[in-house]
Amino acid sequence: MDNSALDALICPVCGLEFMDVLPGENTLACIDGHSFDIARQGYVNLLTGHGTKFTHDTAAMVAARDAFLEAGHYAPLADALAGTVRPVLAATGAAGGGAAPRPMVLDAGTGTGWYLHQLLDRLGGGVDAVALDISKFALRRAARRNPGAANLAWDLWQPLPVEAGRADVVLVVFAPRNAAEFARVLRPGGLLVVVTPRPGHLAEIAQHAGLLGIQPDKEASLAASLASHFVLESALPVSIPLHLSPADVANVALMGPAGHHIEVQELERAAAALPERTDVTAEFMLSAFRPR
Ligand SMILES: C[S@@+](CC[C@H](N)C(=O)[O-])C[C@H]1O[C@@H](n2cnc3c(N)ncnc32)[C@H](O)[C@@H]1O
Ligand SMILES: [Zn+2]
């Protein structure tokens with residue numbers, strides 16, 4: 001975890017800043033003495049004392065998501081994300097002098113950190129990252145994948161442990177959207193980037209995958225749900241033709257919401273009966289919003 005990423009954070013107990021972490025230290029402490037464990041894998045658990053009713057993705061679901069993403073099927077979506085985000089970060093980089101904070105991306109619901117990693121890789125360095133998720137299984141992988149980011153166990157429905165006006169970009173890839181908090185942490189002129197599935201997403205295997213049907217009015221309802229704090233600036237459809245192996249199809253089934261109810265052995269049997277290659281199309285919408 002880079003100390004420059006820590007600069008953007010505030011203690012969830014008292015709202016004050018954190019002290020730098022020295023190499024080998026296993027706690028993160030604020031200047032008022034509240035301290036939080038840094039896990040062996042490098043993420044920080046800020047959720048101490050916060051009970052949550054959230055149903056976590058299981059380790060098997062997280063592993064399936066990670067394997068599917070690692071296969072690179074969604075690289076074109078990462079390209080589109082980088083294209084949308086780059087000009088916003090460049091504006092901060094150009095405006096800041098030597099002492100100004102580096103541009104910062106907040107990844108809300110980072111999962112295993114795959115999209116964040118792809119994005120940082122495409123941006124080529126000089127960018128701080130804060131990554132939040134409620135799942136420790138996911139964060140273990142995220143912290144290994146993005147060791148420079150501040151990977152934090154946190155509930156997106158709580159006030160975020162991030163200074164007001166500090167983020168250049170908030171990224172939300174298939175994760176909950178807390179409009180008020182995203183607006184608070186974005187700097188004026190910052191960008192909220194939201195990826196959602198479009199109707200027809202993986203439709204060809206929706207039955208195998210037990211995917212939940214996607215509402216046709218998803219885009220309108222997305223804008224409406226954020227309208228109190230954000231104005232839609234652009235909406236970019238991203239279609240990706242995919243050729244999936246039986247293992248890929250099994251991973252898709254397991255990584256979604258249906259994964260909670262799937263018997264892995266049964267799934268493996270069903271996948272073995274699939275053809276060598278299944279052609280499907282991933283349909284995404286990449287929506288960018290400006291704070292009001
Ligand atoms: C479908 S996954 C997407 C993960 C990642 N953005 C990706 O696309 O690979 C949704 C993620 O949101 C996280 N999540 C769900 N509710 C959350 C909450 N209330 N606070 C923080 N994270 C949450 C889950 O743990 C999960 O990692
Ligand atoms: Zn504190």
Residue count, segment 63-79 (criterion: under 16 Å from the mean Cα position of the chain (by Cα), open to solvent by 20 Å² or more (accessible area, probe 1.4 Å) and within 14 Å of Phe284 (Cβ to Cβ)): 2
Test for Gly83: is it under 18 Å from Pro176 (Cα atoms), modelled with pLDDT of 95 or more and open to solvent by 10 Å² or more (accessible area, probe 1.4 Å): no
Is there a residue in segment 246-257 that is touching an Asp or Glu at 6+ places or on another chain (Cβ under 7 Å) and either modelled with pLDDT under 95 or open to solvent by 80 Å² or more (accessible area, probe 1.4 Å) (or both)? yes
Can you name every residue in segment 26-57 that is in a loop (DSSP other than H, G, I, E, B), modelled with pLDDT of 90 or more and more than 10 Å from ligand 2 (Cβ to nearest atom)? Asn26, Ala39, Arg40, Gln41, Gly42, Tyr43, Leu46, Leu47
If the Cβ limit is 8 Å and pairs must be 6+ apart or interchain, which residue in segment 67-80 that is among the small types (Gly, Ala, Ser) pairs with which residue that is modelled with pLDDT of 95 or more and open to solvent by 30 Å² or more (accessible area, probe 1.4 Å)? Ala75/Gln118; Ala78/Gln118; Ala78/Arg122; Ala80/Leu236
For segment 129-139, state whether one or more residues are among the small types (Gly, Ala, Ser), closer than 30 Å to Glu266 by Cα and touching a strand residue (DSSP E or B) at 6+ places or on another chain (Cβ under 9 Å). yes
Determine whether segment 138-147 contains at least one residue that is under 18 Å from Ala82 (Cβ atoms), of a type in the set (Gly, Ala, Ser) and at pLDDT below 95. no
Name the residues in segment 157-196 that are within 16 Å of ligand 2 (Cβ to nearest atom) and surrounded by 20 or more Cβ atoms within 10 Å (Cβ to Cβ), would you? Leu160, Pro161, Val162
Tally time: how many residues in segment 103-113 are open to solvent by 10 Å² or more (accessible area, probe 1.4 Å) and in contact with a Leu (Cβ under 8 Å, 6 or more places away or on another chain)? 3
Could you please find all residues in segment 4-48 being under 20 Å from Gly165 (Cβ atoms), away from ligand 1 (no atom under 16 Å from the Cβ) and within 24 Å of the chain's Cα centre (by Cα)? Ser4, Ala5, Leu6, Asp7, Ala8, Ile10, Cys11, Gly15, Glu17, Phe18
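The values are calculated or read from the model by the stated rules, or taken from the named source; none is laboratory data. Keep in mind that what you see is a predicted model, and the values were worked out from it rather than measured. Here the Cβ is made from the backbone with ideal geometry for all residues, glycine too, and neighbour counts use every protein chain on show. Ligands, DNA and RNA are excluded from the accessible area calculation, which covers all protein heavy atoms including side chains. Shrake-Rupley method; radii C 1.70, N 1.55, O 1.52, S 1.80 Å.
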